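Here is the structure we will look at.
The values are calculated or read from the model by the stated rules, or taken from the named source; none is laboratory data. Remember, predicted model here, so these are calculated numbers, not experimental data. All Cβ positions, even for glycine, are placed from backbone atoms using ideal geometry, and neighbour counts span all protein chains on display.
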Amino acid sequence: MLIPYFHIDSFTKKVFAGNPAGVCVLESWLDDATLLGIAAENGLAETAFIVGGNGVYGIRWFTPDIEMDLCGHATLAAAHVVANYLDNAKEIKFKSATDELNVQIQDGLITMMFPRREPVTAVPPQRLLDSLNIRPKEVLKSRDFIFVYDKEDDVRNIQIDPIIFNQINLDPGGLCLTAPGLTVDFVSRFFTPQATILEDPVTGSAHCSLIPYWGRELKKKVMTAKQISKRQGDLLCRNDENSVFISGNAVTYKTGHILLSQET
């Protein structure tokens, strides 16, 4: 079996930046163990699997360790693949197990409509606090824990103690650090305990919660954001009443095929 495979860098206009994602185009769904095995073999933070055509696709997302309920950068990568290699579509509908995700593409900018996840004040596990060298000024929770800091340098200078951090189970969520930005409206970083890849370079799904929070704090509907990981990534955000809109660019790094033998 030959599976068309694409390696896409999301939330960037240049390779070796943003967040790399794999995209596999399937004729029909494979069993979960095979999908997880492919994602683990790819070794990227996320691999998106899509099935469909004519601008309408089923989608699932796998890390090298687990299946995720939502992934922004891999959805953006999948939209880039559909628009440039499959349908030449400018409007795409992805259907996951829980959501219907609408995507529009204009002049290379990919805009995704995602569910709005309003974060609420929360008490974090003590180990989570102990795993960081700088304590947050505010703690929130949606799917992920969100630690809010006063300034960008705090987020940039955070160090995670992996021994303590990996004792925590936040499955399928993670830890998002955020603060007002120096050149953008807000910045963030994202970490996942017990994961093959500790720090996610750019986390679109975390912005389902960051956008409502910063929209309220900054009293803005349209905002710019940057994830200040080593690779970095840029996002354009819009806060609506029932949804959030996350926009970004993507670039192709590699195309090819995955060969699965009959014994797989």
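Here are the numbers for the structure shown:
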| read-out | value |
| --- | --- |
| Residues of segment 215-241 that turn out to be hydrophobic (A, V, I, L, M, F, W, C), part of a strand (DSSP E or B) and either modelled with pLDDT under 95 or within 20 Å of Val155 (Cα to Cα) (or both), as a count | 5 |
| Qualifying residue in segment 7-19 (condition: buried (at least 16 other Cβ atoms within 10 Å of the Cβ), of a type in the set (Ser, Thr, Tyr) and closer than 14 Å to Tyr253 by Cα) | yes |
| Where a residue in segment 209-232 is without any contact (Cβ under 8 Å) to a residue 24 or more places away in the chain and its partner, wherever it lies, is in a strand (DSSP E or B), with Cβ under 6 Å and at least six apart | Lys221/Asn239; Val222/Arg238 |
| Options Gly58, Gly43, Gly53; residue that is small (Gly, Ala, Ser), under 24 Å from Glu199 (Cα atoms) and either outside the structural domain of Asp144 (by TED's automatic domain parsing) or surrounded by 18 or more Cβ atoms within 10 Å (Cβ to Cβ) (or both) | Gly43 |
| Residue selected from segment 26-58 under the condition touching a helix residue (DSSP H, G or I) at 6+ places or on another chain (Cβ under 7 Å) and among the aliphatic types (A, V, I, L, M), by the criterion farthest from Tyr85 (Cα to Cα) | Ala48 |
| Sole residue being closer than 15 Å to Ala48 by Cβ and either assigned to a loop (DSSP other than H, G, I, E, B) or under 16 Å from the mean Cα position of the chain (by Cα) (or both), chosen from Ala74, Ala83 | Ala74 |
| Members of segment 163-206 found to be assigned to a loop (DSSP other than H, G, I, E, B) and of a type in the set (Asp, Glu), listed by number | Asp171, Asp185 |
| Candidates Ile164, Ile105, filtered to the one that is touching a Ser or Thr at 6+ places or on another chain (Cβ under 8 Å), buried (at least 19 other Cβ atoms within 10 Å of the Cβ) and β-branched (Val, Ile, Thr) | Ile105 |
| Members of segment 131-142 found to be in contact (Cβ under 8 Å) with a residue 60 or more places away in the chain and either assigned to a loop (DSSP other than H, G, I, E, B) or exposed (fewer than 15 other Cβ atoms within 10 Å of the Cβ) (or both), listed by number | Ser142 |
| Count of residues meeting criterion [touching a residue at least 40 places away in the same chain (Cβ under 8 Å) and either of a type in the set (Val, Ile, Thr) or part of a helix (DSSP H, G or I) (or both)] in segment 7-39 | 8 |
| Qualifying residue in segment 143-151 (condition: of a type in the set (D, E, K, R), closer than 20 Å to Leu210 by Cβ and loosely packed, with under 15 Cβ neighbours inside 10 Å) | yes |
